[in-house]
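What follows draws every value from the coordinates through simple rules; no lab data is involved. Note that the structure is a prediction, hence the values are computed from the model and not measured. Don't worry about glycine lacking a Cβ; one is built from the backbone with ideal geometry, like all the others, and counts go over all protein chains shown.
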Amino acid sequence: MDASEPEPNPGIDPRPLAGVTGFKRDLLLTVARLSGTNPNGQAVKQELQEHYGEPVNHGRLYRNLDELVDAGFVRKLPLDGRTNVYRLTSRADERLRAHREWEDECLLALEGDGEES
């Protein structure tokens, strides 16, 4: 390792969301963004569509939300007889924060790179 390169932080897991697709990561972030409200599937879908600038397929959305529930990242709670709301679990919160730390560490390395875009 070059002396100008930052030492890697051994406390940061570089794989906190290993096995989670980019779409699922974005779902987790969207549910986090909507915390404090009652984020149902439609609200999550609307938020993602605004972020992506394109439609999000209904089947893809709910299949991936259900997989995140099964993986222990999201809790699905009934709001009424027809609507469910989604909440992050503490596991998802911890993993998202660890992923963010890892991203920050990676981007910090660019600051010392000295290359101009």
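Does Y52 fit the bill of being surrounded by 13 or more Cβ atoms within 10 Å (Cβ to Cβ) and either of a type in the set (F, W, Y) or more than 14 Å from the chain's Cα centre (by Cα) (or both)? Don't jump to the end; show me each part of the working.
Working: surrounded by 13 or more Cβ atoms within 10 Å (Cβ to Cβ): no; either of a type in the set (F, W, Y) or more than 14 Å from the chain's Cα centre (by Cα) (or both): yes.
For Y52, the condition - surrounded by 13 or more Cβ atoms within 10 Å (Cβ to Cβ) and either of a type in the set (F, W, Y) or more than 14 Å from the chain's Cα centre (by Cα) (or both) - is not met.
Taking the criterion of being loosely packed, with under 14 Cβ neighbours inside 10 Å, among the hydroxyl-bearing types (S, T, Y) and closer than 20 Å to K24 by Cα, the only residue of segment 74-112 that qualifies is S90.
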